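Single-structure report; data block below.
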Amino acid sequence: MGIKKVFNKLMRKGFQLVTGSPLAQESVRNADSQKAIANGIDAKEIMLARQTAAEGCVLLKNHGHALPLLKEEEVAVFGRCQRDYFYVGYGSGGDVNPPYLVSLMNGLDQCGASYDKKLAEIYRTFCEDPKYAADPGWWGHWPMSHPEMPVTKEMVEEAAAPGKKALVVIGRAAGEDRENTLTQGSYYLTDEEMRLLDQVTSVFASVIVVLNIGNIMDMSWTAKYGDKISSILIAWQGGMESGNALCDVLYGAVNPCGRLSDTIAKTYEDYNTAENFGGKEFNDYKEGIFVGYRYFASEAKNKVLYPFGFGLSYTSFRKEVLAFEAPEGSSIDKDAKIAVRVKMTNTGEHPGKDVILLWCRQAEGRLEKAAYILAGFSKTGTLQPGESEEIILETSAGYISSYDEEKSAFLLESGDYAFFINDDGIEETKVGSWCVAEEKIVEQCERAMTKEVDLKQRILDRMPQESTDPLIQGLSDQELEALTRGHGMMNSVLGAKGNAGVFGGILESLREKGVRPITCADGPAGIRLSTDCALLPCGTAQACSFNAQLVEDLYAQVGNELEKNGVDVLLGPGMNIHRNPLCGRNFEYFSEDPLLSGKMGAAVVRGVQQSGRAACPKHFACNNQETHRNINDARVSERALREIYLRNFEICVREAAPKVIMTSYNKINGVWSHYNYDLVTTILRGQWGFDGVVITDWWMKRSKSPEFPQLEDNAYRVRAQVDVLMPGAITHVERNYVSDGSLLKTLGQKDGIKKAELFRTAENVLRLLKRLP
């Protein structure tokens with residue numbers, strides 16, 4: 001059945017056409033931009049969002065140089081996601097009200113590219129028909145994909161012509177409060193999608209597959225088609241500028257320069273976390289430090305389809321090592337620098353950027369280590385053919401050290417530390433070697449978050465002194481209690497409409513004393529309010545750009561947008577490790593690697609806080625699955641915590657000084673994060689020097705302190721120095737705040753909550769207020 005016949009058949013089934021030229025009419029990009037700018041979204045933010053989405057695209061295959069396309073060559077576009085595009089994942093991290101959305105078809109129109117209009121009209125009509133319209137879903141039950149429109153061989157044949165290329169768009173969603181699943185339409189392709197690929201590859205000599213996804217999905221199907229699929233491009237979820245950014249890459253305005261921030265294994269079962277993910281009560285992190293490429297490079301190289309750091313370009317580059325510098329002598333601490341100077345030259349025919357990854361093979365010793373770890377990365381500017389640029393890659397002794405649980409310290413074992421550069425972690429160009437003559441502790445820590453610690457005595461020994469601040473001393477118990485919680489509900493009347501919650505000056509008496517309300521808004525893919533705000537590329541796309549400066553520049557504009565909308569705190573970046581590809585919120589996070597995650601998180605924080613506003617990295621820590629996230633226990637070794645799941649937060653805190661941090665819902669080794677003294681006070685504040693405000697994720701689980709049984713709920717939380725319960729009520733059932741009395745009922749009793757602890761929380765909150773505009 002040909003295109004015309006299929007079109008007529010669809011019309012007989014009740015499809016309705018829009019009069020005029022709908023595809024042209026939808027391309028109101030300029031008008032939408034003007035509307036966005038009028039609503040306070042800066043033109044620079046729009047440009048940077050588009051550039052970030054484009055630089056995050058990862059080209060996995062380009063057989064026969066099928067890409068870039070020429071605008072004058074007509075392409076046939078298959079797949080309903082050409083129109084029903086997934087711009088970001090679902091949930092608090094992506095539920096932004098954008099002023100406009102640019103689909104692939106909008107983008108094609110905007111860039112003036114030629115495409116098969118008859119085929120596009122059939123897809124438009126199908127997608128707009130109520131019987132087949134995309135289901136938006138509801139909280140925790142959003143679609144993972146949209147049912148594909150059936151096509152026939154005759155239809156595909158009519159769309160084909162000698163030399164004509166086909167684009168096949170496949171889309172996947174991800175979302176909060178649920179995981180992706182090992183089912184068709186989620187992790188796996190559906191039968192209809194496979195039939196679509198079968199039919200298109202049987203007719204078209206050149207087929208380009210675009211993956212509009214937020215999480216890694218199964219890619220084993222690529223083996224079936226071989227070079228029948230010429231190109232594979234992961235476009236991720238690029239926010240409101242998705243279609244424009246994608247077309248920039250497809251047509252060569254932007255040379256693909258993204259690299260994978262995760263390993264793509266041949267099958268799901270090849271991930272070593274597969275057997276210990278999704279548990280209701282707990283997950284044993286049996287893999288230890290061997291997460292992602294650390295595992296595959298060390299134990300399962302043959303199970304990798306596309307390695308971490310992989311990505312192709314339309315051009316080629318030559319890397320020339322100019323210098324290698326490492327510390328000399330025995331005076332080595334965590335900040336001791338190792339630097340490599342590399343000359344990058346574009347040896348191809350197209351302008352482009354390249355990513356350079358610095359890897360370290362640590363010295364062998366008594367501590368088990370991965371085959372190599374990422375030690376640093378950088379990205380060139382746009383280099384014209386024949387043009388060169390010198391890049392300096394830096395790392396530190398701290399980044400390449402290992403955590404010794406027996407010594408409670410990060411250390412360098414004696415031996416050679418080899419450094420090399422390549423795109424995909426395969427040793428190609430050795431740049432230097434650093435010999436550490438004898439074992440060296442680079443940072444002494446404290447034993448924490450294990451049963452071996454006498455936590456009660458640690459807490460008693462470190463009780464705070466009472467504040468001497470006259471303002472704090474003059475606060476009533478009711479006012480002190482109010483400073484430890486939010487206003488009570490989301491969309492507080494004290495903040496911008498659509499806010500996530502408000503804390504600080506939530507009582508009139510506090511406001512009379514000069515303590516104003518502090519307004520929070522969900523992020524990180526933009527600002528979640530009732531008004532229009534820019535919708536940004538998802539976290540994975542940002543990380544795949546490997547361009548920390550670009551991400552920082554983008555979020556500097558978000559900081560300005562926060563200011564214009566009267567918001568103080570952006571609840572982002574999302575920083576949890578991609579431990580398993582099924583985690584529903586991976587789209588919101590950056591990578592399987594802690595260094596890349598930490599550096600990108602720091603870029604977001606620095607950008608937002610240029611405006612004086614606050615960024616709030618989340619979810620501290622080990623929020624690596626959404627299933628039963630409020631009760632699940634992450635059972636993880638101290639070493640894996642220090643080297644993987646806390647290391648990214650540590651980098652962000654030390655390098656960007658966020659003003660606020662949010663704890664996670666889950667337990668870590670039996671203790672909920674929002675009650676975890678060692679996590680928040682011993683490590684975050686004591687070791688890393690964080691002096692900002694720590695807030696809970698929204699609502700919390702009730703519990704009693706094992707160390708101080710008379711303390712429960714809010715008193716237990718405040719003793720841990722988790723300052724503020726958000727949004728204020730303990731559970732989401734309560735619409736208005738009603739005190740449960742748990743904070744103050746033991747005030748003045750032996751081992752009960754102390755006035756000095758309430759003063760400490762007040763000091764943290766009031767210090768934040770002084771740091772905000």
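The values are calculated or read from the model by the stated rules, or taken from the named source; none is laboratory data. Please read these numbers as outputs of a predicted model, since none were measured by experiment. Cβ atoms come from the backbone with ideal geometry, glycine included; neighbour counts cover every protein chain shown. When the accessible area is computed, the model is the full protein with side chains, heavy atoms only, and any ligands, DNA or RNA have been set aside. Shrake-Rupley method; radii C 1.70, N 1.55, O 1.52, S 1.80 Å.
Tell me the Kirkwood hydrodynamic radius of segment 392-449 in angstroms, computed as one over the mean inverse distance between distinct C-alpha pairs.
Values: mean 1/r = 0.0769 Å⁻¹.
One over the average 1/r among Cα pairs gives 13.0 Å for segment 392-449.
Checking the table Lys153/Lys224; Lys44/Lys319; Lys286/Lys451 against a 24 Å threshold on Cα-Cα, which pairs fail? Beyond 24 Å between Cα atoms: Lys44/Lys319. Excluding ligands, DNA and RNA, the accessible surface per residue across segment 605-715 is 24 Å² with a 1.4 Å probe. Couplings for segment 560-577, taken from phi via the Karplus curve 6.51 cos²θ - 1.76 cosθ + 1.60 with θ = phi - 60°, read 5, 5, 4, 4, 5, 9, x, 10, 9, 10, 8, 7, x, x, x, 10, 6, 6 Hz in order; Gly and Pro are left as x. Rolling a 1.4 Å probe over the heavy atoms of the protein chains gives segment 61-194 an accessible area of 37 Å² per residue. Between Ser330 and Gln473, the distance separating the two model label sites (each 7 Å from Cα on the Cα→Cβ line) works out to 5.0 nm.
Surface composition of segment 672-757: carbon plus sulfur atoms hold 52% of the accessible area, using a 1.4 angstrom probe and ignoring ligands, DNA and RNA. The trypsin sites (Lys or Arg not before Pro) of segment 277-318 that DSSP puts in a loop, and whose beta carbon has at most 13 other beta carbons within 10 Å, are Lys280. Ranking His63, His350 by solvent-accessible area of protein heavy atoms (1.4 Å probe, all protein chains present), from largest to smallest, gives His63, His350. Heavy atoms only, probe 1.4 Å: what % of the accessible area of segment 494-567 goes to carbon and sulfur, would you let me know? Whole-percent figure for carbon plus sulfur exposure: 42. For the chain, the relative contact order comes to 14 percent (Cα pairs under 8 Å, sequence separation of at least 6). Site pair Ile392 and Thr267 shows an inter-label distance of 4.9 nm when each label is modelled 7 Å from Cα along Cα→Cβ. Here the accessible area is traced with a 1.4 Å probe on the protein chains. For segment 264-337, carbon and sulfur cover 44 percent of it. In terms of its alpha-carbon gyration tensor, segment 167-253 comes out oblate; a/c meets the 1.5 threshold, while b/c is at least as large as a/b. For Gly728, nonlocal amide neighbours, meaning residues 5 or more places apart or on other chains whose placed amide H falls under 5 Å from its own, are Gly486, Gly488, Trp699. Peptides 608-615, 504-511, ordered by how many other C-beta atoms sit within 10 Å of their residues on average, highest first, read 608-615, 504-511.
Over the residues of the chain, the helix contribution to mean residue ellipticity at 222 nm works out to -7000 deg cm²/dmol, using -39500 (n - 2.57) for each DSSP H run of at least 4. What lysines sit close enough to Lys334 to cross-link, taking a C-alpha to C-alpha distance under 27 Å and skipping anything fewer than 8 places away on the same chain? Partners found: Lys369, Lys379, Lys407, Lys430, Lys440, Lys599, Lys618, Lys659. With all protein chains kept in place, the per residue accessible area of segment 246-376 amounts to 40 square angstrom at a probe of 1.4 angstrom. Relative contact order of segment 71-150, taken over Cα pairs closer than 8 Å and 6 or more residues apart, is 41 percent. Beta bridges from DSSP with both residues in the chain: antiparallel share about 60 percent, rounded to the nearest 5.
I want to verify the translational diffusion coefficient of the chain in µm²/s; compute it with Stokes-Einstein, Rh as the Kirkwood radius over Cα pairs, at 10 °C and 1.306 mPa s. The Stokes-Einstein estimate is 59 µm²/s.
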